[in-house]
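In what follows, a single structure is set out as structure tokens and then discussed.
Just so it is clear, none of the values below were taken in a lab; they were calculated from the coordinates. Small disclaimer: the values here were computed from a predicted structure and weren't measured. Cβ atoms come from the backbone with ideal geometry, glycine included; neighbour counts cover every protein chain shown.
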Amino acid sequence: MPNSNTLSRRRLLELAVRPLPLVHIGIVGLGHRGIKAVERYALVEGAEIIALADRDPMRVEAANGVMADSGRPQARSYSGDDAAVRLIEDADVDLVYICTEWRTHARIAMMALTHGKHVAVEVPMALTVSDCEALIAKSEETGCLCMMLENCCYDTFASATRVMVSEGLLGDITHCEGAYIHNLDDEIAENGGLDKYWMARETLACGGNAYPTHGIGSIAWHMGLHRGDRMDSLVSLTSCGRQLDGRVNTTIIKTVQGRTILLQHDIGTPRPYSRLQQVCGTDGFVQKYPLPTVRLKGMETAAEGDEALKLAATFRERGVSEWIDDGVSKGSPNTMNHVMDSRLVYCLRNGFPLDMDVFDGAEWSAIVELSTLSAANGGMPVKVPDFTCGNWQVLKEHKFYV
């Protein structure tokens, strides 16, 4: 018989809550990403930013300036060391949107869940397995939603690939590759060096893959991770390099069904930007980087470059493609972000399960610590926890509710 923990975790699968006709949002953290969120929500229907929090009062003032420039009313302002706490205690806030530095994500999310708030937290959701587990347990205890904000899941090419996979045009998926390859030398220099720039600082502190979620997100949905399959173990190695120069982490994950995933993290070599986005099946192959390529079942040759992009554009995904169109029509500078924000609000307003559940956030974020542990021990295999407590086969596929 299933134990009580198994049954309680099952309730978190596709968790839904009462509809919120108008979603009242409080944003914590108003640095670059937080300010961008304030800007983006001018284009999202059904949501109001009613509170802003940052330790720096000048950032709060600047964010309210963005609100005014777009014709929105001023949000309540919280600044100082207790700004996050006071925003979370604001009774009118429905959703706490966390854009602070990585090491504070889990702590602030825990506070918000404890106060009965729904949570949307920037990547990664947490940096340790224990914090991932704690957030799942708190969501389970409170019945509040906790979603990690992984925008690359809403990439247009990734969306098209999901349709190809679901229609069986690649056959059985056996291997996928994803990455965050992005030379940040200029950004590091512009932001005061390695010890000042957050991405460089966190990467230096991590011996493994410090930023796995851009790579694993779409793959997890292609493979149905905790929806019929799950990550079982990983091995990870980080190359030599002086500080970040030349340093590359490669992590290989094996699933319970025997499929494999390759992830890379590289912000210190001259390689061109890439997230790889490669999906290998028994009958077909799709990749976005370095050259868009589509070869589906029945095709004698692969479509490449613009031809591949045109072919991919013919595959429309219900629940996503219409929001991509909406972002384009509204002039959104980044449709991935627009779809992510719009889907979050749409699901909250309709009482639907969110696109990313708390298990997604935990599984993808846990790779940070697990890859670090493996790399520190010469690529020793490390088991990946089953955060669902045995419920990974209950659901059969990822679903966008509409």
Distant-in-sequence amide H partners of Gly208 (H built 1.01 Å from N, under 5 Å): Thr372
Under the span-like rule (Cα at least 24 Å along the axis, Kyte-Doolittle mean at least -0.5), DSSP H helices of the chain: 358-376
For the stretch 4-151, the fraction of alpha-carbon pairs in successive 10 Å shells from zero, as %: 12, 43, 33, 10, 2, 0
The stretch 157-204 and the stretch 337-402: distance between their alpha carbon centers, rounded to Å: 16 Å
Segment Asn350-Arg86, extension gain: residue separation times 0.36 nm, minus the distance between their alpha carbons: 92.2 nm
At R0 = 30 Å, FRET efficiency that the Cβ-Cβ distance of Leu22 and Asn334 yields, to 0.05: 0.80
Charge dipole magnitude, Cβ of K and R +1, D and E -1 - the chain, Cα centre, debye nearest 20: 640 debye
The chain: calculated mean residue ellipticity at 222 nm from DSSP helix runs of at least 4, using -39500 (n - 2.57): -11000 deg cm²/dmol
Signed unit charges on C-beta, dipole axis of the chain, positive-most listed residue Tyr273, Cys146, Leu194: Cys146
For the stretch 352-402, size of Cβ-based charge dipole, Lys and Arg +1, Asp and Glu -1, in debye: 140 debye
Two-site label geometry, Lys396 and Gln74: point separation in nm, points 7 Å out along Cα→Cβ: 5.6 nm
Net length gained if the chain between Lys254 and Lys196 were fully extended (0.36 nm per residue, minus Cα distance): 17.3 nm
Spacing of the two label points (7 Å from each Cα toward its C-beta) at Lys310 and Thr104, in nm: 5.0 nm
